[in-house]
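Reading through the structure tokens given below for one structure.
The values are calculated or read from the model by the stated rules, or taken from the named source; none is laboratory data. Values in this document were obtained by computation on a predicted structure and should not be read as measured data. Every residue, glycine as well, gets a Cβ built from its backbone with ideal geometry; the counts of neighbours run over all protein chains shown. Just the protein is used for accessible areas: all its heavy atoms, side chains included, with ligands, DNA and RNA removed. Shrake-Rupley method; radii C 1.70, N 1.55, O 1.52, S 1.80 Å.
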Amino acid sequence: MTDTFATCSGLAASTFAAPRFEKIALQLSEHGYEVKRNEAWMSGATDRGQFEIAGEEGAIKITLAAKDAKTLFMLRDQILHIVDHADPELLTQFEWSGILPDQGPPANFRLAEVVEVTQPFPHFYRVTLKADNMAHFADGAMHFRLLLPPQGRTPVWPALDATGRTRFPTGEDQLHNPVYTFVSIDVETGLFAFDVFIHDGGRITEWARGAQVGDPIGMTGPGGGQMPTAQSLTLVGDETALPAIRRILALAAPEVIGHAYIEVGGAEDIQDLVKPKGITVTWLIRGTDLGPVETLFALYGDAPMEAMPFLWCGAEKSQVQRARKHFRDTIGIGPEQSYFSGYWRKEA
């Protein structure tokens, strides 16, 4: 690893196994991180810093390095999120050493309160919240997590344990923690907004529907979903990915060119989007047009790799996995030229 100011490491004794190691590598790939690796070692970098994961004498060791202690904390949360997706049992077995935060609330936790909830489009609520110290949420990452306590229970928020690791409440106090995308964020006032796709029975939908001014809710972040830096983009997604696509287009440099294909349920959900002049937006109507993933295959399924723009895809998980397998494994497009994310899972 290169010179940094803050490092830490976690060791999980007697845990190394090739399938377990492979699951971690797969999750890193699915989250868009490019790694160098062999059968018992991998390394890479995120927007927060550098990581190395190695099998050593039957153990798995994670070594992290970042520019400062605060960034190191957020890097560790990123990597532990990956490990949790790959192998939740493994996550509990790490013993940590190095520069670790003091006990108390995690550095990336904020307690926010509701300012207003509106409905700018038929199938979306727009929620505006206010929280203190929002500067590090505005550093380019698109996403954050809401932390919604169970209805009728006094909230129990995440805290750091003696090892410096974030501990979330479990059992009856377990928090619902979906990922959302900033529509806007004002560091000076602490105000930020995000859109909720209205899905009857969804916990955040029901919360937003009944939210009152001043209601508290937790949040952590920022995380994942860095802005593509390529000069040519093709973005495909459905309503659940629309907030991310909208933010990518709004923040893209004026010279960026490309196309966005967005699937919605009907013409009433078509929106005016702020975007560079060189990007065209095509709205796909569900049941009439090809879906977003099918559109991606129709455009580039047989195209040579050198003809590809940066491909960004957000939709139903199994469809996105099919696209990732084809474009990453068959065509050979790497994470530096593509992003694939399952935004929701279709019930069996």
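Please compute one quarter of the surface area of the Cα convex hull for region 248-348 and express it in square nanometres. The orientation-averaged projected area of the Cα hull of region 248-348 comes to 7.3 nm². Computed per residue of the chain from DSSP H runs no shorter than four, each worth -39500 (n - 2.57), the mean residue ellipticity at 222 nm is -6000 deg cm²/dmol.
Kindly state, to the nearest 0.05, the FRET efficiency for Glu255 paired with Thr288, given R0 = 25 Å and r defined as their beta-carbon distance. Walk me through the numbers on the way to the answer.
Values: r = 33 Å, r/R0 = 1.33.
The computed FRET efficiency comes out at 0.15.
The residues of region 98-162 expose on average 49 square angstrom of accessible surface per residue, using a 1.4 Å probe on protein heavy atoms. Dividing the C-alpha radius of gyration of region 37-194 by 2.2 N^0.38 Å, with N its residue count, gives 1.17. Alpha carbon centre of region 46-87 versus region 289-339: separation in Å? Taking the Cα centre of region 289-339 as reference, the centre of region 46-87 is 28 Å away.
Measuring only protein heavy atoms, the 1.4 Å probe finds Lys67 accessible over about 130 Å². Region 259-283 and region 91-125 have their alpha-carbon centroids 30 Å apart.
For the chain, the relative contact order is 14 percent, taking Cα pairs closer than 8 Å that sit 6 or more residues apart in sequence and dividing their mean separation by the residue count.
Loop-located trypsin sites (Lys or Arg not before Pro) in region 300-348 (DSSP state not H, G, I, E or B) with no more than 15 neighbouring Cβ atoms inside 10 Å: Arg345, Lys346. Summed over the residues of region 8-95 and divided among them, the accessible surface reaches 45 Å² per residue at a probe radius of 1.4 Å.
Taking a ≥ b ≥ c as the square roots of the eigenvalues of the Cα gyration tensor, region 52-95 is classed as oblate, since a/c reaches at least 1.5 and a/b does not exceed b/c. Region 165-228 gives an Rg/Rh value of 0.97, both radii derived from C-alpha positions and Rh following Kirkwood.
Can you give me the % of accessible surface on the chain that is carbon or sulfur? Probe 1.4 Å, all protein chains present, nothing else counted.
Details: 8460 of 16590 Å².
After summing per-atom areas, the C and S share lands at 51 percent.
With protein chains left intact and a 1.4 Å probe, residues in region 206-327 average 43 Å² of accessible area per residue.
Pair-distance distribution P(r) for region 1-65, from all Cα-Cα distances in 10 Å bins starting at 0: 22, 54, 24, 1 percent. Each DSSP beta bridge with both residues in the chain is either parallel or antiparallel, and the antiparallel ones are about 70%.
Sites count as exposed loop sites when they are GluC sites (Glu not before Pro), lie in a DSSP loop, and have at most 10 other Cβ atoms within 10 angstrom; the longest stretch of the chain without one is 58-187.
Cross-link reach is defined here as a Cα-Cα straight distance under 24 Å, omitting same-chain residues fewer than 8 places apart; for Lys67 the lysines meeting it are Lys36. Straight-line reach from Lys277: taking Cα to Cα under 19 Å and skipping same-chain neighbours fewer than 8 places apart, the aspartates and glutamates in range are Glu255.
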